Amino acid sequence: VDHVVLERARVAQRWRGHWDSLRLLTPNWQTRLPGMAYDGPDRDAFMPKRDVVRFLEHYARETAAPVSEYTSVRGVRQLGRGRFWVATNRGDWLCRSVVIATGNCGKAFVPAVSSNISRNVRQLNLDDYRKPEDLESGGVLIVGASASGVQLAREIHVSGRPVLLSVGRHTRMPRRYRGRDIMYWMDAAGISSERTDQVRDLAASRRTPSLQLVGSEDGRSLDLGSLARLGVRLVGRARDADDHELHFAPDLKRHVRLADAKLQRLLDRIDRHIAKNEAAVVPDREPIPDIDVRPGPSSINLKHENIRTVLWATGYSRSYPWLNLGVLDARGELVHHRGITAVPGVYALGLNFMRRRNSSFIDGVGRDAEDLSRVLLAGLRGSVSRTTSSETGAARLVA
Ligand SMILES: Cc1cc2nc3c(=O)[nH]c(=O)nc-3n(C[C@H](O)[C@H](O)[C@H](O)COP(=O)(O)OP(=O)(O)OC[C@H]3O[C@@H](n4cnc5c(N)ncnc54)[C@H](O)[C@@H]3O)c2cc1C
């Protein structure tokens, strides 16, 4: 099927941004795309972001993907059944199917409470932050304790800036378990590739915060306990702000307890898999250390605490101002069933738990793409027999 990939900047653009120290949190062996997988010597290490960019560039070259770089999509509208007009800064396209693959992490999300904080306090989000040296001296409040928040809390604290970490719902995860990387077990037990129809509450599964994991050279675990031992202070969820005053919910212990209970359930599941399937000798279950959290203050004054920076590590959101197809809900999220929207010919790829738990991971997108291309092809064939036009010419530059 004739197709084109429109990219507003360059291949692997998302990985050209991000903070300097970012590495994959998935082991290198899990960098697998259809027809190409990591084949270097460090299968169990974690690629720094420049190597992820190289890997994706190499993949685009080797697969001769028809990528049109520096082409920003500015409008998509439907002309008739199975006919779409795609306006870009470099000409317009006529096509019969559209796959929206603009990522699960389009832009950093910052909650409304940020707008009540004094203008004298510098506020950054995950798209702004690059390295600790760019921050003013003085303390840093990091809001959010999922993958990004815990990684940045450690790095900024180690740089000599005292860190206060505001913790909400999170997903605790040891780096290694029973002699293997945790991702090995998630993969082997079929947890990573679990389908949407295999979980009890898909909406809740989709809301699960990212894993508290870091890919580092020494393969360490990173959790609230290890951060607290380093000297990072923990407080509850940031609830409200008034100029320099910040108020935190009294829910830190509860969130820690919930995350621990969830982790135990996951490890039980892995244990059941090991008992049933592993032929090789696997070390016994090691104890997961308790996290000793002392309830932090319910409010602080940023000025009194000499906290000059607030870093919002509160996840990412998506935005589709260019999509004029009526496929968004009231919050602006794409409405789809396993990547298929209500408009025939319009599909999504790369969204969180879209068809499988790993849909928004490099390792998951290949199977989703394979499934969806079958659906897409069937749709094109259906409209071909109706319109008797050729099956090629699915995407055509028209202006
Ligand atoms: C901080 C972070 C860490 C991650 N770590 C891991 C990890 O360890 N392991 C892993 O497997 N995955 C990880 N991921 C997810 C991984 O980045 C994605 O699986 C991978 O980037 C593929 O995503 P994608 O192509 O669907 O979306 P993206 O990489 O987000 O790409 C979307 C592309 O769409 C382009 N675009 C957006 N709007 C337009 C427009 N209007 N017109 C044209 N182009 C447009 C953007 O420029 C961008 O290049 C991480 C993500 C983040 C944010």
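The values are calculated or read from the model by the stated rules, or taken from the named source; none is laboratory data. Since we're looking at a predicted model, the values are computed, not measured. Quick reminder, even Gly has a Cβ in these numbers, built from the backbone with ideal geometry, and neighbours come from all protein chains shown. Surface accessibility is based on the protein's heavy atoms, side chains included, excluding ligands, DNA and RNA. Shrake-Rupley method; radii C 1.70, N 1.55, O 1.52, S 1.80 Å.
Beta carbons closer than 8 Å, at least 6 apart along the sequence or on distinct chains, pair a first residue in region 341-356 that is on the phi < 0 side of the Ramachandran plot and part of a loop (DSSP other than H, G, I, E, B) with a second that is within 12 Å of the ligand (Cβ to nearest atom) and acidic (D, E) for L349/D368; M354/D368; R355/D368. Residue count for region 244-283, restricted to those that are under 23 Å from T171 (Cα atoms) and among the acidic types (D, E): 4. Can you tell me which residues in region 247-271 are touching a residue at least 60 places away in the same chain (Cβ under 8 Å), hydrophobic (A, V, I, L, M, F, W, C) and either over 14 Å from G144 (Cβ atoms) or part of a helix (DSSP H, G or I) (or both)? Across region 247-271, the qualifying residues are L252, V256, L258, A259, L263, L266, L267, I270. With respect to being farther than 21 Å from G168 by Cα and surrounded by fewer than 16 Cβ atoms within 10 Å (Cβ to Cβ), G138 fits the description. On the stretch given as region 168-226, residues that are part of a helix (DSSP H, G or I), open to solvent by less than 20 Å² (accessible area, probe 1.4 Å) and of a type in the set (A, V, I, L, M, F, W, C) total 5. Only a single item in (1) in a helix (DSSP H, G or I); (2) surrounded by 11 or more Cβ atoms within 10 Å (Cβ to Cβ) is not met by A275, and it is number (2). Looking only at region 287-312, count every residue that is in a loop (DSSP other than H, G, I, E, B) and basic (K, R) and tell me the total. Total meeting the criteria: 2.
On the given criteria, is T314 under 20 Å from G149 (Cβ atoms) and more than 11 Å from the ligand (Cβ to nearest atom)? The answer is yes for T314. Scanning region 141-167 for residues that are part of a loop (DSSP other than H, G, I, E, B) and surrounded by 24 or more Cβ atoms within 10 Å (Cβ to Cβ), we see that the one that is farthest from the ligand (Cβ to nearest atom) is V167. What do you reckon, is S210 within 16 Å of the ligand (Cβ to nearest atom), closer than 30 Å to R161 by Cβ and of a type in the set (S, T, N, Q)? Here the answer is yes, as S210 does meet what is asked.
Filtering region 244-263 to residues that are under 25 Å from the mean Cα position of the chain (by Cα) and open to solvent by 70 Å² or more (accessible area, probe 1.4 Å) leaves R254, R257, L258, K262. The residue that is farthest from M183 (Cα to Cα), among those in region 322-340 that are within 12 Å of the ligand (Cβ to nearest atom) and part of a loop (DSSP other than H, G, I, E, B), is W322. When L79 is tested against (1) under 12 Å from L325 (Cα atoms); (2) within 9 Å of the ligand (Cβ to nearest atom), only condition (2) is not met.
Among the residues making up region 1-50, those that are in a helix (DSSP H, G or I) and within 12 Å of the ligand (Cβ to nearest atom) are Q13, R14, W15, R16, N28, W29, Q30, K49.
For region 71-91, indicate whether the set of residues that are closer than 30 Å to R161 by Cα and in a strand (DSSP E or B) is non-empty. For region 71-91, residues closer than 30 Å to R161 by Cα and in a strand (DSSP E or B): absent. For N116, the criteria (1) surrounded by fewer than 20 Cβ atoms within 10 Å (Cβ to Cβ); (2) modelled with pLDDT under 95 hold in every case but one, which is (2). Residue-level analysis places A241 outside the set of residues that are crowded, with 17+ Cβ neighbours inside 10 Å, aliphatic (A, V, I, L, M) and outside any strand (DSSP E or B).
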